[in-house]
Amino acid sequence: MLLPLPLAGPYDYLVPADMSVSVGDFVSVPLGKRDVKGVVWGNSSYKVSDKKIKKINALLDIPPMAEDLRKLVDWTASYTLSQPGSVLRMSMSVPSALEPLKNRTGYLPALDSSEEKGDSRIKMTKARQRVLDSLAKDQPMVAAELAKSAGVSTSVIRSMANAGLLKPVTIEQKLKLEMPDWEQQGPVLSPSQAAAASALVKKVGKLVDEGSDTGFSVTLLDGVTGSGKTEVYFEAIASTIAAGRQVLVLLPEIALTTQWLERFAARFGVYPLKWHSGLTVSERRLIWRATLSDKASVLVGARSALFLPFSSLGLIVVDEEHDGSFKQDDGVCYNARDMAVVRARLGSFPIVLSTATPSLETFVNVQAGRYQSLTLPERHGSASLPEITAIDMRIEPMAPQSWIAPTLQDAMLASLKASEQIMLFLNRRGYAPLTLCRKCGYRLQCPNCTAWLVEHRLKRNLSCHHCGYSMEPPEVCPECATPETLTACGPGVERLAEEVAERFPQARFEIMASDTMQNPNAALALVRRMQNREIDILIGTQVMAKGYHFPYLTLVGVVDADLGLSGGDLRAAERTFQLLHQVAGRAGRAERPGRVLLQSYRPYDPVMKALVSGTRDQFLSAEAEERERHGMPPFGRLAAIIVSGSDYQEVEKAARALGRTAPSENGVFVLGPAPAPLSILRGRHRYRLLLKAHRNINVRTKLRHWLSQVRVDRGVRIQVDVDPYSFL
Ligand code: ADP
Ligand code: ZN
């Protein structure tokens, strides 16, 4: 029995004589004094005298967990060195979904005729009248909802029910699940789109083809921005639904993908289910149950959707597969893209990785023949790829405290004149990344983290982007107490907007960043205004780079193209290329041709050169060679160990102990221990070690052995991150 708790492994329980359970069944069992719910994981191999083990309490009345998911839980736990129960908990993330779905009581108006309402025995107050006014005849509402919409307390509702003014009815708890209409025709595909679509449909066909031993395949859908990758994989989705199997689409930033959802609805007649952090608990439990029962045919979600209990998954699509948000580096450190490939293999079904800028890992897998690849080399219709130019910032005459170079400004003026739209990209939220005292040099820092406080002028605060700490802007320097010496250093999007307002007083501009859009509706409204050309200049961070299609957007200006290159991160160059390519891809997606200007102090950098000359594959090959030469992933293996705790001495002691017992043998190198660049995070001190190993070494065995030798004080946490993406 596996329980969704951080325990070393499955626990043994007896099956009562009058109960019959199978592997995968959800059951409730006693644990100490508690009653917990878990999954039957297999037959016990132990011989424990029957008296010692407890009995299963009950078999839950819900369908079992599918085999591919159970295997995925074990696989992920082993790969990430996590407790299987901690991974299972990601799968059983909605505990209330295991309870029977209780129907709720709603209310309808009880009396029809106005005579009855005029009955003098029933007292009609203004509040009661408001309640009746808020209720439609055939749409029952639960007490809390009704009270809220009428602006009364729930006791008014209760008293009205007692007086016979409202009649209680049962509201069934269920999701409206409509079948996507897969028979509906999509758009007419271009020859290269049609070829890619039919190749994917063929792979889906193996799901039902009895002659094939496995339906598993990994396909990279490699198409330039605007080539119609979505339309192509929609065809694969249609045939998976036709085959009676479920589809999971993983998207980065699910809360912001309004255009995607609308395209799906236009193609299939219904919206897909959505899984993201903004859902209420009751929405979550209904969706969780729906995936378990195979009634949910298509679900889109962020990375955590991978662990939903789909009962008959038949296709996974990972859109923007290169995106870093698929990696979780807290708790169970897993990469949802890689684990999605594992789930497809375990479930013997196809997976599609879609992107215009493949990750280096995927690129190498295609070259080695492990993944297949389908290419869409052109933009759809008459659209062409934008022309990308670097502005050499070393020779641009920049005015002090300004960030828009004259060359970019000229291009912007020309676009505004032609009534076209502009996107200004700067991957930095807020007003300024650093606030400094001009007199004493003091820098405003987070009290809980090794990080500067970022000024957000619109919200009138300074905040930490790591822990969320925020404070009001101080009047005087906290160090030397001199008034008016605090100075904003460097630009964020808010400051850039200030410059835009100054230079282009007639232009309508808006900011698009994760903190300026409070909810999906605000994001949707902003996208609409952009689509309707109510915005001339859109200023934003990377949330703006993803997938949007604005036909009149013809100029993209990247204000600081070098921003991501510093820091010496393993993937800095790769990530910068992907991000800037993605942003550039927003320009000229319809008839009007697009232009992209990159402001850079390093126009000679291979990343800038590859962007300007459009030589993606040469760039990736050179990166791959570089990594291979240094034995870095995907050619070598990396695992990070992060030691953290609130007591510095204890953390250092544990880190040193790990350093002393580090494996020393051919092909294994351990760097550290050293204080992490982010040496304090949320009040916890942090040390890092990095294990680097040859590809053919089993790092997990090494790590397990290594960690088992070190005892650490309580309060010190050791986190293992296999294939780390973050080195902070
Ligand atoms: P990508 O995901 O590759 O960037 P999209 O799938 O978003 O490209 O397609 C870009 C635009 O072109 C979208 O507006 C899409 O609806 C349109 N489009 C692509 N292929 C077709 C087609 N065959 N017929 C009509 N419109 C298409
Ligand atoms: Zn902080």
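The values are calculated or read from the model by the stated rules, or taken from the named source; none is laboratory data. As the structure is a prediction and not an experimental result, all values here were calculated from the model. As a convention, Cβ positions derive from the backbone with ideal geometry for all residues, glycine included, and neighbour counts pool all protein chains shown.
Worth pointing out:
- Residue that is modelled with the highest pLDDT [pool: residues in region 96-133 that are in a loop (DSSP other than H, G, I, E, B) and of a type in the set (D, E, K, R)]: E99
- Screening L248, L207, L220, L279 for residues that are in contact with a strand residue (DSSP E or B) (Cβ under 6 Å, 6 or more places away or on another chain), in a loop (DSSP other than H, G, I, E, B) and not hydroxyl-bearing (S, T, Y) leaves exactly one candidate, L207.
- Verdict on T225 being within 27 Å of the chain's Cα centre (by Cα) and modelled with pLDDT of 95 or more: no
- Some residue of region 291-299 being closer than 23 Å to R528 by Cβ and modelled with pLDDT under 90: no
- Region 253-276 - residue that is within 14 Å of the chain's Cα centre (by Cα) and assigned to a loop (DSSP other than H, G, I, E, B) and, of those, nearest to L60 (Cα to Cα): H276
- If the condition is being surrounded by fewer than 18 Cβ atoms within 10 Å (Cβ to Cβ), over 21 Å from K459 (Cα atoms) and either touching a residue at least 40 places away in the same chain (Cβ under 8 Å) or hydrophobic (A, V, I, L, M, F, W, C) (or both), then region 525-548 contributes only R533.
- Subset of region 560-585 (residues that are crowded, with 24+ Cβ neighbours inside 10 Å, in a loop (DSSP other than H, G, I, E, B) and of a type in the set (A, V, I, L, M)): A561
- Check on E494, at pLDDT 90 or above, buried (at least 20 other Cβ atoms within 10 Å of the Cβ) and farther than 24 Å from L385 by Cβ: yes
- Members of region 142-166 that are assigned to a helix (DSSP H, G or I), among the β-branched types (V, I, T) and in contact with a strand residue (DSSP E or B) (Cβ under 9 Å, 6 or more places away or on another chain): I157
- For region 661-669, the criterion of being more than 16 Å from V710 (Cα to Cα), polar (S, T, N, Q), modelled with pLDDT under 90 and surrounded by fewer than 20 Cβ atoms within 10 Å (Cβ to Cβ) is met by at least one residue.
- Condition check for A136: of a type in the set (G, A, S), exposed (fewer than 13 other Cβ atoms within 10 Å of the Cβ) and either closer than 20 Å to L315 by Cα or away from ligand 1 (no atom under 16 Å from the Cβ) (or both): yes
To keep it simple, each residue is scored yes or no on (1) more than 16 Å from ligand 1 (Cβ to nearest atom); (2) closer than 17 Å to A243 by Cβ; (3) at pLDDT 85 or above.
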| residue | (1), (2), (3) |
| --- | --- |
| V156 | yes, no, yes |
| A161 | yes, no, yes |
| K167 | yes, no, yes |
| E178 | yes, no, no |
| P187 | no, no, yes |
| P191 | no, no, yes |
| A194 | no, no, yes |
| V201 | no, yes, yes |
| V208 | yes, yes, no |
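- Leading residue by the ranking (farthest from Q578 (Cα to Cα)) among those in region 618-632 that are in contact (Cβ under 8 Å) with a residue 60 or more places away in the chain and not in a helix (DSSP H, G or I): G631
- For region 648-675, filtering for residues that are of a type in the set (D, E) and in contact (Cβ under 8 Å) with a residue 60 or more places away in the chain leaves 1.
- Those residues of region 452-470 which are surrounded by 20 or more Cβ atoms within 10 Å (Cβ to Cβ) and near ligand 2 (Cβ under 9 Å from one of its atoms), in sequence order: L453, C464
- Some residue of region 663-686 being of a type in the set (A, V, I, L, M, F, W, C) and part of a loop (DSSP other than H, G, I, E, B): no
- Boolean, D294 is of a type outside the set (V, I, T), in a loop (DSSP other than H, G, I, E, B) and farther than 29 Å from I62 by Cα: no
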